[in-house]
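Taking it in order: structure first as structure tokens, then the write-up.
The values are calculated or read from the model by the stated rules, or taken from the named source; none is laboratory data. This structure is a prediction, so every number in the text was calculated from the model and none was measured. All Cβ positions, glycine included, derive from the backbone under ideal geometry; neighbour counts span all protein chains shown. All accessible areas refer to the heavy atoms of the entire protein, side chains included, with ligands and DNA or RNA removed. Shrake-Rupley method; radii C 1.70, N 1.55, O 1.52, S 1.80 Å.
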Amino acid sequence: MIIIHHSFVHGVFNAYESIGMINQSAIDLKIVRFINPFCYCAVNVFVLISGYFGIRLKITNLTNLYIRCAVYGLLCYCVHLYLHGGSLGRWGIMHNCILAFTESRWFIISYLMLLLLSPILNKCIENINKQTFIWIIILLSVINIYFGWYRELVNPNGYNFMQFIFLYLIGRFIHLYNITISRWKSLIIYITCSVILGLLAVLLDCHSFSYKLFEEKYNNPILILEAIALLYFFLSFEFKSKFVNWIAKSVISVYLIHENKYIGRPVLINYFVTDWFEWGWERWLHLFITALFVLFGCLLIDKLLTVIFKPLSYLMNIIGNKVVCFINQNIRKIS
């Protein structure tokens, strides 16, 4: 879903922008604007899943995320230099490898902050009752939706860790108190919310205040409800698979590769800008096949690079554990 969403916003939109038609009423743009809300709710679903199962912060969580950011950041930059010329240099290594977290896109930074805050969030959740939990979610809804989405005073679009904390707590609440919705109700809610957002995107003027409210904002209340419904739809299935769990470990790498600013995104943009208007009616099939190719290609790359990740992760875990032990010893001395 996210790859298709990025194919829309970075691919199709850029194709029309390249010929000066981004604000025109081309049928392809209307189709994209209508379908897009069905897809980009997956960003919220990713965080809801984290909340549903809960995050147990370990050194391995941080090291695995950092290693993937660093390795892919450096590899993509090196490929970029090979294709376009230039030298790696100290700053290239520094920005794309050593400072991998700070150079990452907003999603990784926000998710890192959620990881770091998860012990505090979990401790708070353990020490409150259901009624208090409900009030916390209501208050966060007011902050993130009214003062954020509507007023744009804080968290104006959901591209930050405030939104992730909000969704994480919703996910935990659903799991802890076993709030259930039937499969068909959740599917109807998901489709209804998607259609509403899609129609609004098609019908409203792109420059109007009304459209600004319903554009791609992750704290949009309709989009949040849509993401919750999609989560419930999949929760209604009894499904277990070691293979899917094995694949899921590499999902974050798909994002890191295809959204990389040196290779992933430029290639995606250039591909659609160059070929979109050359394709006929089958252009939508091309788009879907491209998304599948990107997905499985990135998954394959990640699995092949496991030989690099494992020893690096082992080494960094040893260093990380020693640092944690050193900090704990000094905290005990102070206390």
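Which entries of 130/240; 130/333; 58/240 have Cα-Cα distances beyond 27 Å here? Before the final figure, lay out each step's value.
On the way: 130/240 29 Å; 130/333 38 Å; 58/240 25 Å.
In this structure, 130/240; 130/333 exceed 27 Å between Cα atoms.
With each label point set 7 Å from Cα along the Cα-Cβ vector, what nm distance links residue 17 and residue 279?
If labels sit at residue 17 and residue 279, their model points lie 1.9 nm apart.
Note down the magnitude of the dipole of the chain about its Cα centre, charges +1 on Lys and Arg C-beta and -1 on Asp and Glu C-beta and zero elsewhere, to the nearest 20 debye.
Details: 26 positive and 15 negative charges, 296 e Å.
It works out to roughly 1420 debye.
In whole percent, what relative contact order does the stretch 1-146 give with Cα contacts below 8 Å and a gap of six or more residues?
Details: 61 pairs, mean separation 29.3, N = 146.
Dividing the mean separation by the residue count of the stretch 1-146 yields 20 percent.
What value, in deg cm²/dmol to 500, does the helix sum -39500 (n - 2.57) over DSSP H runs of n ≥ 4 give at 222 nm once divided by the residues of the chain? Numbers along the way, then the final one.
Working: 17 runs with 236 residues, N = 335.
Estimated from H runs of four or more residues: -22500 deg cm²/dmol.
To the nearest 10 square angstrom, what accessible area does residue 113 show with a 1.4 Å probe?
Rounded to the nearest 10, the figure is 80 Å².
Between the stretch 54-90 and the stretch 303-323, what is the C-alpha centre distance in whole Å?
Computed from Cα coordinates, the inter-centre distance equals 13 Å.
Extension gain residue 315-residue 122, at 0.36 nm per residue separation less the Cα-Cα distance, in nm?
On the way: separation 193, 0.36 × 193 = 69.48 nm, distance 2.82 nm.
Result for the pair: 66.7 nm of gain on full extension.
Computed FRET efficiency, Cβ-Cβ of residue 82 and residue 132, R0 56 Å: what is it to the nearest 0.05?
For R0 = 56 Å, the calculated efficiency reads 0.50.
Run through every distinct alpha carbon pair of the stretch 1-147 and return the Kirkwood hydrodynamic radius in angstroms, one decimal place. List each step's numbers first, then the result.
Values: mean 1/r = 0.0525 Å⁻¹.
Result for the stretch 1-147, one decimal place: 19.1 Å.
If I stretch the segment between residue 292 and residue 270 completely, what's the gain in nm (0.36 nm per residue apart, minus their alpha carbon distance), one decimal? Before the final figure, lay out the partial values.
Numbers: separation 22, 0.36 × 22 = 7.92 nm, distance 1.77 nm.
6.1 nm is the gain from fully extending residue 292 to residue 270.
Quick one: if you stick a label point 7 Å off each Cα along the C-beta vector at residue 105 and residue 152, how many nm between them?
The two pseudo-label positions are separated by 2.3 nm.
Give me the Debye-computed log₁₀ of I(q)/I(0) at q = 0.18, 0.28, 0.29 Å⁻¹ for the stretch 275-335, equal point scatterers on Cα only, no solvent, two decimals.
Ignoring solvent entirely, the Cα scatterers give -0.77, -1.03, -1.05.
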